[in-house]
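Working notes, beginning with the structure itself.
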Amino acid sequence: MNTADKAQVVTTIDAARNTVVQLVRKLQDAGIEEPSIGLVPTMGALHEGHGALLQQAKDENDAVVVSIFVNPLQFNEPEDYENYPRTLDADVEFVSGLGASIVFAPSTEHMYPGYPDARFIRVDSGEMGASFEGASRPGHFDGVATVVTKLWNILLPPSPAQFRSYFGQKDAQQLAVLRKTADDLNIPVEIRAVDLVRAPSGLALSSRNMRLDDEGKTRALALSKALNLLREQAEAGEVLDVAAARTIINKDPGVELDYLEVVEAETLKPLGEEELSQPLQREALALVAAVVEPVRLIDNMVLPAAR
Ligand code: AMP
């Protein structure tokens, strides 16, 4: 790859703002009056799942900006934060190869001056951020909504440029919380969802998989197997056997189930017993979380309505 193709890496907030302004001007000079900029927020350790976000952002916009920042506010365990994989050089290569123009990779000090002692104003992710992942990881979605709101404010291109932000269906609750954050806080960004990417084995791609050994990766397949059972039942127009899906996970003592629930796709409200006692009358989402030491894994699958 020649240097002209390499994404420009910026690490300070001022540099990020200026670089986005320059990018918009450059696109306008090239004749695009209202350029569109796609932002892909990530925590790095990039894999093909992130690649799908970048690809879609590239397809739908005139230029792509990627942020790489391991956000301490969204971690519950200091150990998980410290052990989170950090592979910036490889990540820059990866996103450059996929056509990103700018990589914003700030330090913690730039994003949160005085961290960890200073106290910050945070976004409250409300009821939606308190269930499922939020119940097991209190404050997690406040941290996510806070950092993404900051990223939007820092990287928002000047008018009349369009701004889109890309998130994976892999983190279905995060996607729902961030849609609501943009909506409730009137942030001028269009949220775009990207389908979940899996390994050929069925395992949902995640940066955390790097911390699983081969045995852990095999155990982790219980999550997608349980979800597949529900999807097959939904596709066949059968009543969902959620208990059987939970058993697929529970029968391996090496996998500790946190939750497996069928919810409304948009609000993430669990479907009631009555609705679950008949074939699905509307599309739903199955959400699962389990611990395969040393990592907590999440996965989900769309369940179609019975025809
Ligand atoms: P992360 O770096 O884990 O915070 O993820 C950054 C973005 O990539 C989020 O919007 C994730 O939902 C998305 N992502 C991570 N893994 C996948 C995957 N396997 N398929 C699709 N999107 C993903």
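FYI, it's all coordinate maths here, none of it is from the lab. Just so it is clear, the model here is predicted, and its values are computed rather than measured. Note: ideal-geometry Cβ built from the backbone for every residue, glycine included; neighbour counts use all protein chains shown.
Data for the structure
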quantity	calculated
Simple label model, 7 Å out from Cα along Cβ direction - Thr218 to Asp195, nm	3.0 nm
Angle in degrees between helix 48-60 and the longest Cα principal axis of the chain, rounded to the nearest 10	60 degrees
Dipole magnitude of region 110-256, debye to nearest 20 (Cβ charges: Lys/Arg +1, Asp/Glu -1, about Cα centre)	340 debye
Positive-end residue of Thr267, Pro157, Pro253, charge dipole of region 137-287 with Cβ unit charges	Pro157
Most positive-pole-ward Cα, Gln22, Val103, Gly139, against dipole of the chain from beta carbon charges	Gln22
Least to most buried among Thr11, Thr247, Thr19, Thr42 (fewest other Cβ within 10 Å first)	Thr11, Thr247, Thr19, Thr42
Net charge dipole size for the chain [Lys, Arg +1 and Asp, Glu -1 on Cβ; Debye, nearest 20]	460 debye
Rel. contact order, % - alpha carbon contacts under 8 angstrom, at least six apart, region 1-95	30 percent
Nearest-ten-degree value, helix 13-29 long axis tilted from longest Cα axis of the chain	80 degrees
Given charges at beta-carbon only (K, R positive; D, E negative), |dipole| of region 59-140 in Debye	280 debye
Cα gyration tensor of region 77-147 - equivalent ellipsoid semi-axes, whole Å, descending	27, 16, 14
Euclidean distance between Cα centres, region 19-61 to region 90-149, Å	19 Å
Rg(Cα)/(2.2 N^0.38 Å) for region 136-193, N = residue count	1.13
Residues Ala90 and Glu238, FRET efficiency given R0 of 41 Å [Cβ-Cβ distance, rounded to 0.05]	0.40
Euclidean distance between Cα centres, region 257-305 to region 150-227, Å	17 Å
Low-density loop cleavage sites - GluC sites (Glu not before Pro) in region 1-83, where at most 11 other Cβ are within 10 Å (DSSP)	Glu33
Among Val239, Val64, Leu185 - extreme Cα towards positive end, dipole of the chain, charges at beta-carbon	Val64
Ratio of the Cα radius of gyration of region 229-307 to 2.2 N^0.38 Å, where N counts its residues	1.10
Mean ellipticity per residue at 222 nm, deg cm²/dmol - from DSSP H runs of n ≥ 4 across the chain, formula -39500 (n - 2.57)	-11500 deg cm²/dmol
Where only C-alpha atoms are counted, convex hull volume of region 1-138 per residue in Å³	146 Å³
Residue order, fewest to most surrounding Cβ atoms within 10 angstrom, among His140, His47	His47, His140
Placed amide H near Tyr259: partners under 5 Å, 5+ positions off or other chain	Ala289
Nearest-ten-degree value, helix 88-97 long axis tilted from longest Cα axis of the chain	80 degrees
